[in-house]
């Protein structure tokens, strides 16, 4: 398949490496071939939305980019660096890759502000007071500064997810991965999280977003990857994908989700 | 009827029991936490050591462990643990034995606590760039500890009562005094038993009640 960026947001030049590059990446869960020969380049500043039916491998692809799921063969590079094996180098790389999870995964025994300052203080060795200032700015930005001293269980799902986004941003990441960030939310809370993500996209953050939110894909994405059975089946702009899907799998998928 | 009590230092004997319990509890908590860390570590050698240690030590009767400290460590290998007198040495050997033994139960309680922490907590911490040790220390263990305060209380109570085994190597704790008193005061043997039984209940009951409250307060809300 084509590896060139087909979106409009790519700001890459010939001299800088793509932010994310996967070459012939394969991943198995036992006998199940979940990622099949994935080749992908994501230039700086591009917002890529990954769509596909459940079990298509889109979450696995997202998690493979910071090696929460190690691939079995092939290579994945982030900002020109191949993913190292588990250890200090991998931890350093992960610090530059922000990740937002479906289940938020805020640290339950720490307050929101502690969640946001933990990474900068313990990984980046930023002073506690500086980390706090930055954290409050970020919480302000995602609209939950008044919840800073509360614990995750005291917040609504939407607030927790925005706190999780602030926690990831506090590390000043080069790229942000979103693994179904709105799938565990009540419908009325989806929009507040999508708004936060859209503003992030507008600021030029490189983003890989696994989602079922077609509205977000249309509005904020530069590029849509459609996955089925572990393969990237379509790689196009949102406009092309939604109005003119090329494969039967994509037509079938869109037919099911857009008619209800 | 209680006149004979003045001839014995019951409080002193229970004070030795308390000391044995406190030192052993602290040591067991530390060594047990390290063992639990080994058992969940990604390094196969550490995992194997942790598993082998726990499965061997917790299946040896405590009396044997304590006697091995005295016969094996001290009398054969001359390890006195810095004790100047035989009393001090036996006291330290007993504590070492209790730590080696009780830590296996601390380790297993903690490990079940670690299993109650959702895997996403560790994943989120790793995704921030924290290393294995940091994830364990800052995220997983604090939550695991809070969920196993109940089981650890049972371990602590068992340890308090297990300190009676130290009498086998001559540590002058409560049960050694009890044996002496049952010999000398055979006419009030029932009373002697009652006094010592009550003594242990007085030691363990408040600890259990207090830690039960702490467990409720510390529980992590999800």
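Each reported figure results from applying straightforward, stated rules to the coordinates on display, with no laboratory input. On a predicted model such as this, the values are computed, not experimentally measured, just so you know. Every residue, glycine among them, receives a Cβ derived from its backbone with ideal geometry; neighbour counts consider all protein chains shown.
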- [ ] Round to the nearest 10 and give me the degree value, 0 to 90, for the angle of helix B:44-57's Cα axis relative to the longest principal axis of chain B.
- [x] 20
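Average projected area of the Cα convex hull of segment A:14-130, in nm²?
Details: hull surface 38.0 nm².
About 9.5 nm², averaged over all directions.
Strictly greater than 41 Å: what percent of every Cα pair in the protein assembly as shown meets that? It would help to have the intermediate numbers written out before the result.
Numbers: 44075 of 115921 pairs.
Beyond 41 Å sits 38 percent of the P(r) for the protein assembly as shown.
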Open item on the list: To test your reading of the geometry: what angle, between 0 and 90 degrees and rounded to tens, separates the Cα axis of helix A:112-122 from the longest principal axis of chain A?
Closed with: 80
Task: Kirkwood hydrodynamic radius of segment A:151-193, from inverse mean 1/r over distinct Cα pairs, in Å - done: 11.0
TODO: Considering only B:172, B:36, B:122, give the residue with the highest GNM mean-square fluctuation for chain B, with springs between Cα atoms whenever their separation is below 10 Å.
DONE: B:122
TODO: With springs connecting C-alpha atoms under 10 Å apart, model chain B as a Gaussian network and identify which of B:178, B:194, B:38 has the largest mean-square fluctuation.
DONE: B:194
Open item on the list: What number do you get for segment B:114-170 when its Cα radius of gyration is normalised by 2.2 N^0.38 Å, N = residues?
Closed with: 1.68
Task: Theoretical ellipticity at 222 nm over chain A - DSSP helices of four or more residues, -39500 (n - 2.57) apiece, nearest 500 - done: -11000 deg cm²/dmol
- [ ] Any chance you could give the angle, 0 to 90 degrees and rounded to 10, that helix A:128-141 forms with the longest Cα principal axis of chain A?
- [x] 60
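Using the Kirkwood radius built from alpha carbon pairs, what does the Stokes-Einstein equation give as D for chain A at 25 °C and 0.890 mPa s, in µm² per second? Walk me through the intermediate numbers first.
Details: Rh = 18.8 Å.
For these conditions, the coefficient is 131 µm²/s.
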Task: chain B: most fluctuating residue of B:112, B:186, B:28 per GNM, C-alpha cutoff 10 Å - done: B:186
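Count, for each residue of B:115-127, the Cβ atoms from other chains sitting within 10 Å of its Cβ, then give me the mean as a whole number. Don't skip to the end; give the middle numbers.
Values: counts 0, 0, 2, 3, 2, 6, 6, 1, 8, 15, 7, 8, 20.
Going residue by residue through B:115-127 and averaging, the value is 6.
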Open item on the list: Against the empirical 2.2 N^0.38 Å scaling, what ratio does the C-alpha Rg of segment B:3-218 come to?
Closed with: 1.18
Task: Footprinting exposure proxy for A:94, A:125, A:219 (fewest neighbouring C-beta atoms within 10 Å first) - done: A:125, A:219, A:94
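What's the average, rounded to a whole number, of partner chain beta-carbon atoms within 10 Å of each residue's beta-carbon in B:129-136? Could you put the intermediate results ahead of the total?
Values: counts 16, 7, 9, 3, 0, 4, 1, 0.
For peptide B:129-136, the averaged partner shielding equals 5.
Let me have the 222 nm mean residue ellipticity of chain B computed from DSSP H runs of 4+ only, each contributing -39500 (n - 2.57), with the sum over all residues rounded to the nearest 500. Display every interim value, and only then the final one.
Values: 9 runs with 153 residues, N = 222.
Computed mean residue ellipticity for chain B: -23000 deg cm²/dmol.
Note the direction-averaged projected area, equal to a quarter of the hull surface, for the Cα convex hull of segment A:73-167, in nm². Present the calculation step by step, with values, prior to reporting the outcome.
Numbers: hull surface 28.9 nm².
Projected area, direction-averaged: 7.2 nm².
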